[in-house]
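Worksheet: the structure to be examined is printed underneath.
The values are calculated or read from the model by the stated rules, or taken from the named source; none is laboratory data. Just so you know, these numbers come straight off a predicted model, no measurement behind them. Cβ atoms come from the backbone with ideal geometry, glycine included; neighbour counts cover every protein chain shown. Surface areas here come from the heavy atoms of the whole protein model, side chains and all, with no ligands, DNA or RNA. Shrake-Rupley method; radii C 1.70, N 1.55, O 1.52, S 1.80 Å.
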Amino acid sequence: KAWSLLNTGAQFELQEVYNEMFISRDYRAQYPFGLKGILDNITIDHANKTITICDLKTSSKTLSEFPQTVEFYNYWLQAAIYTRIVFDEFILSKPDGEKWKINFHFVVVDKFNNCYVFDVQEETLISWQNRLTDVLKQASYHYSNRSFNLPYEFLVGNVKL
């Protein structure tokens, strides 16, 4: 944990900064498992009520190909999990939790050592949270039934010709 000073004009505000932070949440009230991760960088700005998560990615592709990589390697899922556990860990119990915001950035270094920060829009994070809910439902089914031989859609009979 480190502290940084943010110059807001007439005064300085403290921010909490964490690197490679292990975070774990128990969700056994909803699912038969918990979620955990190691966040590359997280900044908690109490004055502005924002938490910023930065996830470093190196790629053997170009920066312009990264949006497709997010889907192909399920980086969206990692971002959704990180966002959920950070919300539950740092915001959920705050009396003014509805005023807080989470920002998520992918910091990408491509095959040419070019670097770019991809800001993830709030609408995208919400969409990823909805998809995460579906993934957790499917994982819960597999885990509870100890059935891993077929995809969820086949196991529940949703595949029709």
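Restricting attention to the range 81-116, which residues are without any contact (Cβ under 8 Å) to a residue 40 or more places away in the chain and farther than 24 Å from Q30 by Cα? Before the answer, list the steps.
Let us first name the residues in the range 81-116 that are without any contact (Cβ under 8 Å) to a residue 40 or more places away in the chain, namely 87, 92-95, 97-98, 113, 115.
Matches in the range 81-116: N113, C115.
I need the full set of residues from the range 20-59 which are among the polar types (S, T, N, Q) and either modelled with pLDDT of 95 or more or touching a helix residue (DSSP H, G or I) at 6+ places or on another chain (Cβ under 9 Å) (or both), in order please. Steps first, please.
Step one: of the range 20-59, the residues among the polar types (S, T, N, Q) are 24, 30, 41, 43, 48, 50, 52, 58-59.
Listed by number, the residues that qualify are S24, Q30, N41, T43, T50, T52, T58, S59.
Give all pairs with beta carbons closer than 6 Å in which a residue from the range 44-71 that is farther than 25 Å from I85 by Cβ meets a residue that is surrounded by fewer than 17 Cβ atoms within 10 Å (Cβ to Cβ); count only pairs at least 6 apart in sequence or on separate chains.
S60/K111; L63/N114; L63/Y116
Please pick out the residue among N41, N48, N19 that is more than 21 Å from D134 (Cα to Cα) and open to solvent by less than 40 Å² (accessible area, probe 1.4 Å). Spell out how you get there, then give the answer.
On the way: N48 fails: open to solvent by less than 40 Å² (accessible area, probe 1.4 Å); N19 fails: open to solvent by less than 40 Å² (accessible area, probe 1.4 Å).
N41 is the lone residue from the list that is more than 21 Å from D134 (Cα to Cα) and open to solvent by less than 40 Å² (accessible area, probe 1.4 Å).
Here are some residues: V86, V109. Which one is surrounded by 13 or more Cβ atoms within 10 Å (Cβ to Cβ), farther than 17 Å from G37 by Cα and β-branched (V, I, T)? Outline the logic, then answer.
Numbers: V86 fails: farther than 17 Å from G37 by Cα.
Checking each option against the conditions leaves just V109.
So which residues in the range 20-53 are over 11 Å from the mean Cα position of the chain (by Cα), assigned to a strand (DSSP E or B) and among the polar types (S, T, N, Q), if there are any at all?
Result: S24, N41, T43, T50.
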